[in-house]
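Participant: First the structure, which I've put down as structure tokens, then a few questions once you've had a look.
The values are calculated or read from the model by the stated rules, or taken from the named source; none is laboratory data. None of these values were measured; they are calculated from a predicted model. Quick reminder, even Gly has a Cβ in these numbers, built from the backbone with ideal geometry, and neighbours come from all protein chains shown.
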Amino acid sequence: MLSLGISEVIELVEDLILAVDVSSSMGARDFKPTRMGAVREAMKAFIRKKLTIDPVARIGIVVFYEYSLPIADLTSDVKALINAVNSLRPLGRGTALGDGIVEAYCMFKDLSRDGVCKRVLVVTDGTFNAGIDPRYAILPLKLHGVRVDFFTFSRLYPSDVSTIREILRIIKGRFVNVKSGDLVKAIMEFL
């Protein structure tokens, strides 16, 4: 057998949407300084680390509460992403997880590259009580091979855990819940 000494390296490129809960409960003080403050710090550390180890990745950000909206298009620009994260504040009542998932899907549909791994990382404290049923919202993502991970913190209602588990029976993804402690360290599991 002749060996040519050629090895093929396949590098997975990823487009990642951070779908972030900005409902009023994110102002709670069970994490320091608040849930939102702790999430901002965790997300900034995650973005810096992700784009250091995977500089061709792109990250976008969608927020959701009673409504959902994109706040940062898919980009590798760390400064733009950090500025978007710094702007996050609790906005209002309701937690429309399904709407956030649909908004993330729309960003992939409009701006994604072919042959790229697509993933949504949902960052939430739970209480899914508004908008589209997330179990239906994820169906287009499943059809297009998008992975959906859940990074949750604080004490979740059993109904929220049940909803997340139902979603993960339908679509690929992981679920990590942090009840206390360091969100920066915990979110790094999703790199």
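Here is a yes/no grid of residues against (1) hydrophobic (A, V, I, L, M, F, W, C); (2) surrounded by 19 or more Cβ atoms within 10 Å (Cβ to Cβ):
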site: Leu69; (1), (2): yes, no
site: Ala80; (1), (2): yes, no
site: Phe108; (1), (2): yes, yes
site: Asp114; (1), (2): no, no
site: Val122; (1), (2): yes, yes
site: Leu139; (1), (2): yes, no
site: Leu156; (1), (2): yes, yes
site: Ser159; (1), (2): no, no
site: Glu166; (1), (2): no, no
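Participant: Shifting gears a bit: Across segment 48-74, which residue is nearest to Gly92 (Cα to Cα) among those that are assigned to a strand (DSSP E or B) and touching a residue at least 60 places away in the same chain (Cβ under 8 Å)?
Facilitator: The initial filter retains those residues of segment 48-74 that are assigned to a strand (DSSP E or B), namely 58-64, 68-74.
Among the residues that remain, those that are also touching a residue at least 60 places away in the same chain (Cβ under 8 Å) are: 64, 68.
Working: Phe64: 9, Ser68: 11 Å.
By that ranking, first place goes to Phe64.
Participant: I'd like the full set of residues that are modelled with pLDDT under 95 and outside any loop (DSSP other than H, G, I, E, B), limited to segment 75-104.
Facilitator: The one that is modelled with pLDDT under 95 and outside any loop (DSSP other than H, G, I, E, B): Gly92.
Participant: List the number of the failed condition for Phe108; all other conditions in (1) in a helix (DSSP H, G or I); (2) modelled with pLDDT of 95 or more; (3) touching a strand residue (DSSP E or B) at 6+ places or on another chain (Cβ under 9 Å) hold.
Facilitator: All conditions pass for Phe108, except number (2).
Participant: Taking the stated definitions as given, is Arg113 modelled with pLDDT under 90, under 22 Å from Met26 (Cβ atoms) and not in a helix (DSSP H, G or I)?
Facilitator: Against the criterion (modelled with pLDDT under 90, under 22 Å from Met26 (Cβ atoms) and not in a helix (DSSP H, G or I)), Arg113 does not qualify.
Participant: When the residues of segment 23-47 are filtered to those that are assigned to a loop (DSSP other than H, G, I, E, B) and touching a Ser or Thr at 6+ places or on another chain (Cβ under 9 Å), which remaining residue is surrounded by the most Cβ atoms within 10 Å (Cβ to Cβ)?
Facilitator: Phe31
Participant: I would also like to ask the following. Go through the residues of segment 121-143 one by one and say whether even a single one is closer than 24 Å to Ala45 by Cα, at pLDDT below 90 and part of a loop (DSSP other than H, G, I, E, B).
Facilitator: The answer is no, given that none of the residues of segment 121-143 is closer than 24 Å to Ala45 by Cα, at pLDDT below 90 and part of a loop (DSSP other than H, G, I, E, B).
Participant: Based on what the data block shows, is Asp133 among the charged types (D, E, K, R), over 14 Å from the mean Cα position of the chain (by Cα), within 22 Å of Ser68 (Cβ to Cβ) and surrounded by fewer than 21 Cβ atoms within 10 Å (Cβ to Cβ)? Steps first, please.
Facilitator: Numbers: among the charged types (D, E, K, R): yes; over 14 Å from the mean Cα position of the chain (by Cα): yes; within 22 Å of Ser68 (Cβ to Cβ): yes; surrounded by fewer than 21 Cβ atoms within 10 Å (Cβ to Cβ): yes.
Considered against the rule, which asks whether it is among the charged types (D, E, K, R), over 14 Å from the mean Cα position of the chain (by Cα), within 22 Å of Ser68 (Cβ to Cβ) and surrounded by fewer than 21 Cβ atoms within 10 Å (Cβ to Cβ), Asp133 comes out as yes.
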